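Structure, as C-alpha cells:
The values are calculated or read from the model by the stated rules, or taken from the named source; none is laboratory data. Since this is a predicted model, take the numbers as computed values, not measurements. With ideal geometry, Cβ positions are generated from the backbone for all residues, glycine too; neighbour counts draw on all protein chains shown. Areas reflect the complete protein model, heavy atoms only, side chains present, ligands, DNA and RNA absent. Shrake-Rupley method; radii C 1.70, N 1.55, O 1.52, S 1.80 Å.
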Amino acid sequence: MSGDPLADAFPGSDDPTETIPVVAAATGPADQTGPANVTDQAGPTTQTGPTDQTGPTDPSDTGRSRLARRRRTFIAVTLGATLVAGGGLAASTFVKSPAELAAETKAPEASVLSAPVERRVLTDVLTTRGQVAATTQLQVTPAASSAQGAATSVISALHTAVGKTVKAGDVLVDVSGRPVIALPGSIPAFRDLKPNDDGDDVAELQTALAGLGYSSGGDKKGHFGPGTKTAVTDFYKHLGYDVPTTGGPNDAADQAQIVAAQNAVDTAQRDLNDFDRKVSASSANSSISSAASASSSSLAALSSSSSSPANVAPTGGGTAGPTTPPDAPRPTPTGTLSTVSSEEPVAVQRSYLAKALDQAKTARATLIATTGPMVPLAEAVFLPGFPAQVTQLPAKVGDKVTGPVITLSSGTLGITARVTPDQARLLKAGMKADIVAEAIGKNASGTVAAVGSVTVDTPQAQNNQAGAANAGGGDGNPYVPVTVTPATSLDATTWAGQDVRVTITSAATSGPVLVVPQSAVSAGADGRTVVSKIGPDGHDAVRTEVRAGISGGGFVEVQPVTAGALAEGDRVVIGQ
C-alpha cells in the first residue's frame with residue numbers, strides 16, 4: 001500500500017523510469033528513429049534544432065503523469081456507475097408487479113359519513129330580493145285637454161324614466177303638447193280647477209303652488225280668486241308652457257266675451273249720462289218758460305184794464321171778466337222735460353237706466369272672475385308624498401293614450417318582493433323580516449304586511465317593471481308579490497329605489513332543540529322516523545327512533561322517542 005487511493009485502485013509498474021508516450025510541441029522537425037521519450041512538462045520546450053535523447057527522463061515527472069491518468073479513470077468509472085444505478089431506479093418506478101397493480105386498482109373500503117347532533121335554536125328562513133319604493137302606487141292615464149285645442153291624446157314627450165325620482169313640480173310626460181305635472185296632495189284630481197271655484201281641492205292646489213314659491217296672494221283659502229290665477233300663470237310660465245285658460249288657446253273665446261261685456265257697460269253708462277243731461281236741460285227750460293208766461297199774463301192784464309173796462313174787476317165785489325185757471329197747462333218749449341217721457345216720472349225712468357248699468361257691470365265682473373288661467377284635470381297629478389319614483393313607463397313618444405302611461409309610487413317607503421307560489425305558502429302577515437341594502441351598506445328590520453295572489457306579468461310589463469330580477473318574476477313565470485313594512489321609516493333620499501336582500505323568518509323554535517342534518521333522517525317501512533346513531537366504537541350504527549319537528553337551513557328538529565337515546569354530541573350517519 002502506497003497511501004495513495006488512486007495508486008492503490010489502479011496498480012501498475014513501480015518503475016519510476018516507465019515512460020508515457022506524449023506529443024511534445026517543437027519549433028522544428030525532430031530526427032527520431034523511434035518513439036520519442038520526453039517528460040511531461042508544464043509548457044512547451046523551445047528547441048533550436050533536432051534533439052537526440054538517449055538517456056532516461058526525470059522519474060518524478062513520470063510519476064505525476066501516471067497519477068493524473070489514474071484519477072481521470074477513477075472519475076469516469078464512478079460517473080458510469082452512478083448513471084447505471086439511476087437508470088435502474090427510474091426503470092423500477094415504471095415496472096410494477098401484478099400484486100402492486102391489483103393493490104392500486106382495488107376499490108377503497110366503504111366509509112361512513114357522519115355529523116354531530118347539535119342543540120340550538122332552529123329557524124326556517126326564506127331569502128329573496130326586493131325593491132324599496134313608496135307603498136302607494138298610482139297609475140296615470142292622462143287625456144288630451146280639448147279646451148286647449150287638442151283633438152286626440154298622443155304622447156308627444158317623455159321627461160322621466162323607470163327608476164327615476166320625481167320631485168314636486170316635475171313634468172312627467174307631454175300629451176298632445178300639454179304637460180302632465182306632479183303636485184303634492186292627498187286629494188286626487190277629479191275636475192278642472194277654474195277661477196271662482198271653491199273647495200278642498202282648490203286649497204290643495206294653493207298649498208302646492210305656495211310650496212313651489214307661487215303665493216295665492218289675498219285669496220281666501222279654498223277659493224280660486226285673482227291671486228290664485230296669478231300663481232297659476234307664473235307657474236306655467238316658469239315651466240315654459242302656455243298658460244291654460246277657460247277661453248281655450250290664446251284665451252280667444254273669453255276675450256270676445258269680455259269685450260262684449262265691456263261694450264254693454266259702456267252703452268248702459270252712455271244711456272244714463274244722456275238721460276241726466278236731458279233732465280238737466282228740461283229743468284232749465286221749464287224755469288225760463290214759467291218766467292216768460294208770468295210776464296205775458298201781467299202785460300195782458302194791464303192792456304185789458306186800460307182798453308176794455310169789462311175785463312177789469314169791478315170794485316166793491318163785482319164779477320170779474322175771464323181769467324186763466326191756475327192749473328191750466330202751459331205750453332212748454334221744444335226739448336223740455338215733456339219730451340223725455342210723458343208716461344213715467346223722471347226718477348223712475350232714471351232708476352231703470354241705472355239698474356241696467358249695474359247689471360252690465362255685474363255681468364262683466366262675473367265674466368272676469370270666472371275666466372282666465374286654470375288647471376285642467378288632464379294636466380295635474382296629485383301625489384301624497386315626495387320624492388316619488390317611476391315604477392313603470394310603458395309609453396313611447398308617438399303612442400296614442402289608451403291606458404295608463406306611467407305608474408308612480410309615492411308615500412311611505414316599503415319593500416315589495418317576489419316569491420314563487422310554493423314559497424308563498426310558507427308566509428303570512430306578521431312574520432319578521434331582515435332587510436339589507438348592500439349598495440349603501442345599510443340594514444333594517446320589518447314585518448310581512450301582505451302576501452298577494454299569484455300573478456303573471458304581461459310582456460309589456462316585463463319590459464318596464466322595476467326590479468324584474470326578483471325571485472319568481474320578470475320572466476313570464478308566475479310569482480306572488482309580498483309587501484314588507486319597515487319597523488321604522490326609511491330615509492327616502494338614500495333608500496328609495498334600492499334593490500335589497502329580504503330574509504323572512506317563516507318558523508322558529510321557542511328555544512334550543514336537538515337538530516341534525518336533514519339527510520340523517522329517514523323513514524322506515526314500518527312508518528317510523530329514525531336516525532342511525534354511530535356507536536362508541538365508531539363503526540356500529542344503532543337505529544334510533546325520533547320525532548321530527550320544524551326544518552330550516554338544511555337541518556331538522558328531532559326528539560328521541562326514548563328519553564336519552566339521542567343527545568348533543570352524538571354522531572349520526574348522513575351518508576356512505
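Going by average Cβ neighbours within 10 Å, how do the peptides 265-274, 202-211 rank, with the highest at the top? Write down the numbers at each step before the final one.
Numbers: 265-274: 14.6, 202-211: 19.7.
Going from most to least packed, we get 202-211, 265-274.
If you take every residue apart from S506 with its C-beta less than 9 Å away from the C-beta of S506, what net charge results, scoring Lys and Arg +1 and Asp and Glu -1?
0
Taking the Cα-to-Cβ direction at S65 and at R501 and moving 7 Å from each Cα, how far apart do the two end points lie in nm?
My value for the distance between the label points is 8.9 nm.
Find, among the trypsin sites (Lys or Arg not before Pro) in segment 202-235, those assigned to loop by DSSP (not H, G, I, E, B) with at most 11 other beta-carbon atoms within 10 angstrom.
Values: sites: K220, K221, K229; in loops: K220, K221.
Sites meeting the loop and neighbour criteria: K221.
Going 7 Å from the Cα of E118 toward and past its Cβ, which residues in segment 545-562 have a backbone nitrogen under 14 Å from where you end up?
What the label zone holds, given the 14 Å backbone N cut-off, is 551-558.
Around V484, under 13 Å between beta carbons, what's the net of Lys plus Arg minus Asp minus Glu among the other residues?
On the way: positive: R129, R418, K428, K432, R501; negative: D434.
Neighbourhood net charge equals +4.
If R0 is 25 Å, what FRET efficiency do you get for E438 and N477 from their C-beta distance, rounded to 0.05?
Between E438 and N477 the formula returns 0.50.
Using protein chains only and a probe of 1.4 angstrom, how many square angstrom of E545 are accessible, to the nearest 10?
Roughly 60 Å² of E545 is accessible to a 1.4 Å probe.
Among the listed pairs K167/K396; K229/K355; K396/K428; K400/K442, which are separated by more than 32 Å between their Cα atoms?
Checking Cα-Cα distances, K396/K428; K400/K442 exceed 32 Å.
Just subtract the alpha-carbon distance of R350 and K237 from 0.36 nm times their residue separation and send over the number in nm, one decimal.
Computed gain between R350 and K237 is 35.9 nm.
Say each of A85 and V542 gets a label point 7 Å from the Cα, pointing the same way as Cα to Cβ; how far apart are those two points in nm?
Simple spin-label model gives 6.0 nm for this pair.
With each pseudo-label sitting 7 Å past Cα toward Cβ, what's the Q257-V154 distance in nm, one decimal?
3.0 nm
Cβ under 12 Å from I181's Cβ, I181 left aside: what net charge do those residues give with Lys, Arg +1 and Asp, Glu -1?
It works out to a net charge of -1.
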